[in-house]
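Enquirer: Structure provided below as structure tokens; questions to follow.
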């Protein structure tokens, strides 16, 4: 499948978030925000993985759109954790950059699929 790079990036990103949240929780900081971040960040890759087995193009598009929404949500939780001093600026910038790259790939993939589907 053409988007395997995207799936790999999403999985690697989710693993980084898992490790980050372990650190934050070990310091007894913001477990609730970490749980939200874990949920949204791992959902990106889960929806991309599920999209491989979509029943139709419409279903495929739906899974990519959900992944995109989860990507935006993840950026929000990262921003909150950074602005409340739970993560360093260095970690925040790297994770925001990674999340932004995934988001841009999702936007591009959605445009391509929708264009080809409507042709």
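The values are calculated or read from the model by the stated rules, or taken from the named source; none is laboratory data. Here the structure is a predicted model, which means the values were calculated and not measured. Note that we place each Cβ from the backbone using ideal geometry, even for glycine, and neighbour counts take in every protein chain shown.
Enquirer: Spot the failing condition for residue 28; the list is (1) assigned to a helix (DSSP H, G or I); (2) without any contact (Cβ under 8 Å) to a residue 40 or more places away in the chain, and only one is missed.
Expert: Residue 28 satisfies every listed condition except (1).
Enquirer: Then there's this: Name, by its number, the condition in (1) within 11 Å of the chain's Cα centre (by Cα); (2) under 18 Å from residue 108 (Cα atoms); (3) without any contact (Cβ under 8 Å) to a residue 24 or more places away in the chain that does not hold for residue 7.
Expert: Unmet for residue 7, out of (1) within 11 Å of the chain's Cα centre (by Cα); (2) under 18 Å from residue 108 (Cα atoms); (3) without any contact (Cβ under 8 Å) to a residue 24 or more places away in the chain: (3).
Enquirer: Another question, if that's okay. Which one of these does residue 108 not meet: (1) under 18 Å from residue 33 (Cβ atoms); (2) assigned to a helix (DSSP H, G or I); (3) over 13 Å from the mean Cα position of the chain (by Cα)?
Expert: Of everything listed in (1) under 18 Å from residue 33 (Cβ atoms); (2) assigned to a helix (DSSP H, G or I); (3) over 13 Å from the mean Cα position of the chain (by Cα), residue 108 misses just condition (1).
Enquirer: Okay, next question. Quick test for you: out of 15, 25, pick the one residue that is loosely packed, with under 15 Cβ neighbours inside 10 Å and at pLDDT 95 or above.
Expert: 15
Yes or no, residue by residue, for (1) at pLDDT 95 or above; (2) touching a strand residue (DSSP E or B) at 6+ places or on another chain (Cβ under 8 Å); (3) buried (at least 18 other Cβ atoms within 10 Å of the Cβ); (4) outside any loop (DSSP other than H, G, I, E, B):
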| site | (1), (2), (3), (4) |
| --- | --- |
| 34 | no, no, yes, yes |
| 41 | yes, no, yes, yes |
| 54 | no, no, no, no |
| 64 | yes, no, yes, yes |
| 67 | yes, no, yes, yes |
| 74 | yes, no, yes, yes |
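Enquirer: Just name the residue that is nearest to the chain's Cα centre (by Cα) out of those in segment 77-90 that are surrounded by fewer than 17 Cβ atoms within 10 Å (Cβ to Cβ) and in contact (Cβ under 8 Å) with a residue 12 or more places away in the chain.
Expert: The extreme case among them is 79.
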